[in-house]
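First up is the structure itself, then whatever we jot down about it.
The values are calculated or read from the model by the stated rules, or taken from the named source; none is laboratory data. The model shown is predicted, which means the values in this text are computed figures rather than measured ones. We place every Cβ from the backbone using ideal geometry, glycine too, and count neighbours over all the protein chains shown.
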Amino acid sequence: MKQPNVILVLAIFFISFGETISLPRFALQQKDKCSSCHVNPTGGMMRNENGFFFGKNVVGMISPHDKDFKLSPKLSENVSFGFDYRTQYLYSQEFNKTDFQDMTGSVYLNAAISQSIDLLARYDFVQALWEGYAVARVLPNESYIKIGSFIPYFGIRLDDHTAYTRGGDFGLLSSKGITQGLIYNPLYIETGIEVGVNLSDNTFLTASVGKPRRRASFSTDPTYTARLEFNPKIEKFDLLFGAAYASIKTRSADGFLKTNFYGGFAGIGYKRFSLTGEYDIAEDYLKKDVKSSAIMVEAAYQLMAGLDAIVRYDYFDPNLHFEKDQHARLVFGFEFFPYSFVELRPQYRIGFEEPDAKNNSFVLQFHFWY
């Protein structure tokens, strides 16, 4: 497989080391937790009041300053709403075609029925998917119990599902097939129960048991997912590292495979710079007695308020025993927030594989939220 020059990749990652902010990197840069900005304790989905304030007044290059025009996600004292909509323009060098695609469009509703219990619902009108669960922060040290349908917590939760540790690009930009990543894409939801325990101020453990959505009752054994995260702070550095495990029955041509996922992740934030990475191994994922692996490494640097430069390396090996079947790419891009609740994300993706192929691509993602 044609590989990028390792020295060049590392140079790109570290040449601008100085001062960052990604969804996980927002937390690293702010020296805070994802739950500080989201109703969901594991991050993602609907923002709470802190997250709404951050999107309105902090992340954008320009924020609304009209005092007579008030913005609020609250429908009443205890009920709030929100939404996310993503669409993108695609260009594939391999197909020599351009296209537009709806990615996701979610509407959120949260009802706080007490100071410690929230009811949260999401409906994705693009993918016709929904999540709904209750979060009860009734355990010691702000720990919680979550019951309902939700995305299990594994690895680093990126909002870009095209990373191979999330789900790949579903074959939209390459003819290499649709299985180009792990199962944790926006379409994967389980129904079950999750427990999250804050073991200390910087140690967070989650464990869940459930069943993947749309499977018949008793058709497979339950799935199990566990994740342990450490988030220490050393002077001006915010660190993140941990591990995750999942046992899931995945579909194959011969029925179901008992798949095991093992993952490790790490990150560092320093002022406006962040570096995050994840490495996963999957046993019996695509085929029995076959091991697969996925890698994601992302560096980000905030050039100015509302403009971040991003470099990401993605790698997926469907069979560790075979050579020349890997997929890899180097992604160069920006995250541009020209105004509150508006994001433009241009990316140029350079593909590496063997035999050599002209399969570079360009993506321009549009994101609107509230």
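Among the residues of the stretch 16-34, are any farther than 30 Å from D201 by Cβ, at pLDDT below 65 and either surrounded by 18 or more Cβ atoms within 10 Å (Cβ to Cβ) or not β-branched (V, I, T) (or both)? Yes, the stretch 16-34 has at least one match. The set of residues from the stretch 112-157 being part of a loop (DSSP other than H, G, I, E, B) and of a type in the set (A, V, I, L, M, F, W, C) comprises I113, F125, V126, A128, I151, F154, I156. Of everything in the stretch 221-270 that is surrounded by fewer than 16 Cβ atoms within 10 Å (Cβ to Cβ) and outside any strand (DSSP E or B), the residue that is nearest to the chain's Cα centre (by Cα) is P232. Total residues in the stretch 284-321 satisfying the condition of being part of a loop (DSSP other than H, G, I, E, B) and either within 16 Å of the chain's Cα centre (by Cα) or of a type in the set (S, T, N, Q) (or both): the figure is 1.
Residue by residue, here is whether (1) at pLDDT 90 or above; (2) assigned to a loop (DSSP other than H, G, I, E, B); (3) charged (D, E, K, R); (4) more than 28 Å from F334 (Cα to Cα) holds:
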residue: G51; (1), (2), (3), (4): no, no, no, no
residue: F54; (1), (2), (3), (4): no, no, no, no
residue: L71; (1), (2), (3), (4): no, yes, no, no
residue: G82; (1), (2), (3), (4): yes, no, no, no
residue: R86; (1), (2), (3), (4): yes, no, yes, no
residue: L90; (1), (2), (3), (4): yes, no, no, no
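Listed conditions (1) closer than 21 Å to V107 by Cβ; (2) out of contact with any Pro (no Cβ under 6 Å at 6 or more places or on another chain) are all met by H65, apart from (1).
Filtering the stretch 57-88 to residues that are among the small types (G, A, S) and either touching a Ser or Thr at 6+ places or on another chain (Cβ under 9 Å) or crowded, with 18+ Cβ neighbours inside 10 Å (or both) leaves G60, S63, S72, S80, G82.
When the stretch 186-241 is filtered for residues that are over 26 Å from D124 (Cβ atoms), of a type in the set (D, E, K, R) and at pLDDT 90 or above, only E229 remains.
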